[in-house]
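First the structure, in the form of structure tokens, and then the observations on it.
Bear in mind that the values in this text are calculations on the coordinates, not laboratory data. In this text, all values refer to a predicted model and were calculated from it rather than measured experimentally. All Cβ positions, even for glycine, are placed from backbone atoms using ideal geometry, and neighbour counts span all protein chains on display.
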């Protein structure tokens with residue numbers, strides 16, 4: 001197997017549809033003299049389970065920022081389901097089907113657990129207009145949000161302030177909020193960081209139970225999570241694609257070992273869980 005060329009899109013699936021759920025073409029982002037993302041191309045079909053891994057500073061989080069719209073590329077294009085979203089706002093991309101979780105869970109501590117999810121799903125709900133003045137419509141929002149909380153194991157504390165949640169519970173709430181808009185592309189930035197083994201098992205169960213047409217891009221340092229969830233892996237180093245391949249093939253590739261550490265005897269699974277990229 002050879003490294004993926006940097007001058008052509010990475011073909012994740014040979015039978016990908018004419019309009020993949022996501023297509024990145026030669027995406028580049030610079031911060032002064034630092035090139036955080038360097039000529040990255042990627043093509044994901046609907047339902048893809050794709051992981052992006054690499055060492056600290058590889059550009060993984062920056063890549064998610066570019067896809068979500070919280071950062072803008074210096075060059076290259078981002079196409080979502082056939083629509084060029086390169087210059088569209090984060091809110092517009094969200095309405096078009098991109099959802100995201102973060103390295104540090106984003107919750108509104110003053111609101112209840114339920115209201116956090118209601119608020120996150122509000123822009124996507126078909127009966128959102130005038131719902132604050134309509135008890136029946138507001139109830140529909142709340143019922144939809146409660147189903148999300150049931151899926152992540154938080155329904156029993158739905159009316160508790162989010163400020164009282166543990167780290168693991170906040171992570172699950174962040175995921176429930178991301179899923180509230182029923183996305184077609186879910187961006188996950190180290191969702192297993194800081195979770196117990198039990199919480200990681202729940203996380204894998206939730207993600208494994210998502211509809212088959214929902215694509216996932218996962219940035220994760222827990223190799224066991226990558227191995228269980230992702231069917232394909234892209235390895236980044238210094239903002240550039242080192243290799244992309246089926247998961248086990250990518251994890252076993254010698255270049256992956258070189259990217260993670262200088263000790264050739266060390267295993268890739270030893271990469272520290274608190275690295276950030």
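Separation of region 176-234 and region 60-91 by C-alpha centroid, Å?
If you average the Cα positions of each part, the centres end up 20 Å apart.
Fully extended, how many nm does the chain gain between residue 104 and residue 197 (0.36 nm per residue separation, minus their Cα-Cα distance)?
31.6 nm
Over all Cα pairs of region 177-218, how is the pair count split among 5 Å bins, expressed in % and running from 0 up to the last occupied bin?
Binned Cα distances yield the sequence 5, 21, 31, 26, 12, 4.
Testing the spin-label approximation: label points 7 Å from Cα along Cα→Cβ at residue 34 and residue 227. State their distance in nm.
3.2
How far apart, in nm, are the 7 Å Cα→Cβ label points at residue 70 and residue 26?
Distance between the two pseudo-spin positions: 2.8 nm.
On full extension of the chain, what length is gained from residue 182 through residue 164, given 0.36 nm per residue of separation minus the C-alpha to C-alpha distance?
Full-extension gain reported as 3.8 nm.
Given points 7 Å out from each Cα along the Cα-Cβ axis, report the residue 19 to residue 122 separation in nanometres with one decimal.
With each label point 7 Å from Cα toward Cβ, the separation is 3.0 nm.
What full-extension length gain, to one decimal in nm, is calculated for residue 142 and residue 111 as 0.36 nm per residue of separation minus the Cα-Cα distance?
9.8 nm
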